[in-house]
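Single-structure report; data block below.
The values are calculated or read from the model by the stated rules, or taken from the named source; none is laboratory data. Because the structure is predicted, anything quoted here is derived from the model rather than measured. A quick note on method: Cβ atoms are made from the backbone with ideal geometry, for glycine too, and the neighbour counts reach across all protein chains shown. Just so you know, the surface numbers come from the protein's heavy atoms only, side chains and all, with ligands and any DNA or RNA stripped out. Shrake-Rupley method; radii C 1.70, N 1.55, O 1.52, S 1.80 Å.
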Amino acid sequence: MGINSQEAIKKLKALMDHVDQPLKKSFQNLHQGFLMETLERFLKAREYDVSKAHKMLVDCLKWRVENEIDKILRKPIFPADVYRAVRDSQLVGLSGYSKEGLPVFAIGVGLSTLDKANVNDYVQSHIQINEYRDRVVLPSASKKYGRSITTCVKILDMTGLKLSALGNVKLLTILSTIDDLNYPERTTAYYIVNAPYVFSSCWKVVKPLLHERTKRKIQVLPGCGRDELLKIMDYSSLPHFCKRESSLSSSRSSGHQGSQNCYSLDQPFHQQLYNYIKQQSLMTEAVEPIRKGSFHVNLQVPVSKSKGAAKTIESELRKYGSGLSDTLIELEIM
């Protein structure tokens, strides 16, 4: 950090010392003892403009308080079959750690159908994984490696990607907006692997919706990306879909490869996450009943971008003929 960034952090800290008590309490949950690193993350997200970073951080804390985000790890997704449906259709897992100690998250973009539960369940699941990462995974990694670790690496698997996935753009925009506004600068790099032919068409739609700072972190790797990824992590930390030349045999079902499949409910990360939320809910249930609620997300995507995305989707779908007309009908973006 240079002199300017140090000064910006100092000014932002002074401003945060004067926020209301409910926001201060949530702020403690947010930074988990990594105060300076958290302030810098929000400053980076706003190009070190202290005023804008302060507003972003305060808005984030208000969102946390209004939606009881600090209690979300006490709220299991139930019934159990709904939780399993979410896990089977929103593929994500922790495959290991980079050589620098950063958690490596694998996301099955191509095989995530996002059609087995309602939007609120997917949003709740997404936020819970974010919060578990920030409150448990990152602090544990910091302790293990003896230094502050506040970011992660994400590997996006495009195996099985189809143009029909464009029908999920609205939900994906909600999730990415949550991350951009409330969990900024948590990911140092996004690696896209196993990209099929249709990826270029999907990318044309998604790219304009992303913030510039996010675009700069994205790398599309050839094939399964194994050789490139081995430069930053050991073989044991590679996701299962990167350990072979072709991941066409990857399955939507998490049961086929057992614990080796980082999406599997039997995988340590998911077992630990499930048990953590269960234990927290049991402790809370004795004090107050568990209430299932929805989450408000303010979508800050310019209208021009939304209209542009809709036109691009229609254009790309028509290239592949009338067989995808159902997807066109279902697209109700913004």
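Numbers below:
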read-out	value
Residue check, residue 73 open to solvent by less than 10 Å² (accessible area, probe 1.4 Å), touching a Leu at 6+ places or on another chain (Cβ under 7 Å) and assigned to a helix (DSSP H, G or I)	no
Residues of region 112-135 that turn out to be within 25 Å of residue 32 (Cβ to Cβ) and among the β-branched types (Val, Ile, Thr), as a count	3
Residues located in region 159-193, provided they are open to solvent by less than 20 Å² (accessible area, probe 1.4 Å) and among the polar types (S, T, N, Q)	159, 173, 177, 182, 187
Residue among 41, 87 that is basic (Lys, Arg) and assigned by the TED database to the domain that holds residue 188	87
Members of region 87-107 found to be out of contact with any strand residue (DSSP E or B) (no Cβ under 7 Å at 6 or more places or on another chain) and open to solvent by 10 Å² or more (accessible area, probe 1.4 Å), listed by number	88, 90, 100
Every residue from region 124-157 that is open to solvent by 10 Å² or more (accessible area, probe 1.4 Å), touching a residue at least 12 places away in the same chain (Cβ under 8 Å) and not in a helix (DSSP H, G or I)	147, 148, 150, 151, 154, 156
Residues of region 225-245 that turn out to be touching a residue at least 24 places away in the same chain (Cβ under 8 Å), more than 15 Å from residue 260 (Cβ to Cβ) and not in a helix (DSSP H, G or I), as a count	4
Subset of region 108-120 [farther than 12 Å from residue 88 by Cβ and surrounded by 19 or more Cβ atoms within 10 Å (Cβ to Cβ)]	109, 110
Check on residue 20, out of contact with any Asp or Glu (no Cβ under 9 Å at 6 or more places or on another chain) and either of a type in the set (Phe, Trp, Tyr) or surrounded by fewer than 13 Cβ atoms within 10 Å (Cβ to Cβ) (or both)	yes
Tabulated pairs, region 207-221, first assigned by the TED database to the domain that holds residue 171 and closer than 17 Å to residue 48 by Cα, second hydrophobic (A, V, I, L, M, F, W, C) and surrounded by 14 or more Cβ atoms within 10 Å (Cβ to Cβ), C-beta under 9 angstrom, 6+ apart or interchain	211/45; 213/45
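Every residue, every condition in (1) small (Gly, Ala, Ser); (2) touching a helix residue (DSSP H, G or I) at 6+ places or on another chain (Cβ under 6 Å), yes or no:
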{"position": "102", "(1), (2)": "no, no"}
{"position": "132", "(1), (2)": "no, yes"}
{"position": "150", "(1), (2)": "no, yes"}
{"position": "164", "(1), (2)": "yes, yes"}
{"position": "169", "(1), (2)": "no, no"}
